[in-house]
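These notes are about the structure you will find just below.
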């Protein structure tokens, strides 16, 4: 995975639970003068470094980030206006989910209508609505942040995200030069302005524009990133930025808010998987591949034969669909780091307790956190069967967003499917199960 600069990640955090931007009518303060070394070499301003340190400490507790972005400049990705709503939420196991809902003018003509762009990454797969082709582009299980960013870039959705914010590790500060400039107001918020440059070997890993850093505008009261100006490498004083991202309407919190990052498949659209390098075959392979058309939620069609599987539960016992022949089975594809999944599980436990003749299986999809899955179920008071290694059959069941739930009839066919958590989940499943058990 390519190293990303982390200045925005350092700057774009806050320790407060939730807030809107602070209003400050004070006059801009003069920036402190940077220290000048005797050698004449550029060094960071200690005051500017302190601002970075303060914001970096706050970043550690930020798990939800939402803002409206306006992108301008020759590298904005649009000929006209680019406006977007961006939602970012940290997953329990690390990394970030992302959603961009943008209106982009691809022409400078005043009569040109903006193009709607909706792209999301839910921690398992990235999807994009392609209205022109009536398709939903899908990148399943991206290997790293670079693949996610590349998918967003292909769909013209990368530009409103300050990708440094999503980096796992900060850049070695030995290659970082930070200087304070005159404070200014952005959207009525008084901001410190830091000019950031990257030097040394690690700067070679960055995009040409990002390698120059740029100007970062940070709210003085809440330490929130308000604006980024990207500069060309070796930019001179007075040079205009090649891209400016201005953030307004900022919300942030210390806990995830369970935002929905699933992109549903509109009626009449088809899912088009992205071409990618071949991945290693999973240890456990599904024995049956069902070629069924996706429904509006992207899952298998009602009436499709459920793909066979032969997996094990958390105690090592064999669990197979063939062994449950003649029974109604509820499958819940989930992961320990998925907030909506954990919100749905208590409802499934109630259904498990109510319907003794129905088999409930918690299909854990992330092998990296299999060891944590039993503890999560115990903490949530769930005692239905936990199946590990379900990521091996995730593709066969068309699972791209979780939680993804199926009811498999006694005939081995899909009777009902659902993606995501809703407050009516228990009621909806009860009605369906009641109808099936009366037959």
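Taken along the Cα-to-beta-carbon direction at a fixed 7 Å, the label points for residue 431 and residue 81 span 4.0 nm.
Arranged by the count of other C-beta atoms within 10 angstrom, fewest first, what order do 439, 350, 97 take? Let's see the in-between values first.
Numbers: 439 6, 350 16, 97 24.
Fewest-to-most Cβ neighbours within 10 Å comes out as 439, 350, 97.
A Förster radius of 60 Å, combined with the Cβ-Cβ distance separating residue 239 from residue 422, puts the computed FRET efficiency at roughly 0.75. Between residue 270 and residue 251, the contour length at 0.36 nm per residue exceeds the Cα-Cα span by 3.4 nm.
Subtracting the Cα-Cα distance of residue 182 and residue 68 from their residue separation scaled by 0.36 nm leaves 38.6 nm. With both labels modelled 7 Å from their Cα along Cα-to-Cβ, the residue 368 to residue 302 distance reads 3.7 nm.
In what sequence do 338, 191 fall when counting other Cβ within 10 Å, fewest first?
If I rank by nearby Cβ atoms, fewest first, I get 191, 338.
Taking other C-beta atoms within 10 angstrom as a stand-in for reagent exposure, 330, 70 fall in the order 70, 330, fewest first.
Laboratory data are not the source of any read-out in this text; all were calculated from the coordinates shown. Because the structure is predicted, anything quoted here is derived from the model rather than measured. In this analysis, Cβ positions are derived from the backbone assuming ideal geometry, glycine residues included, and neighbour counts consider all displayed protein chains.
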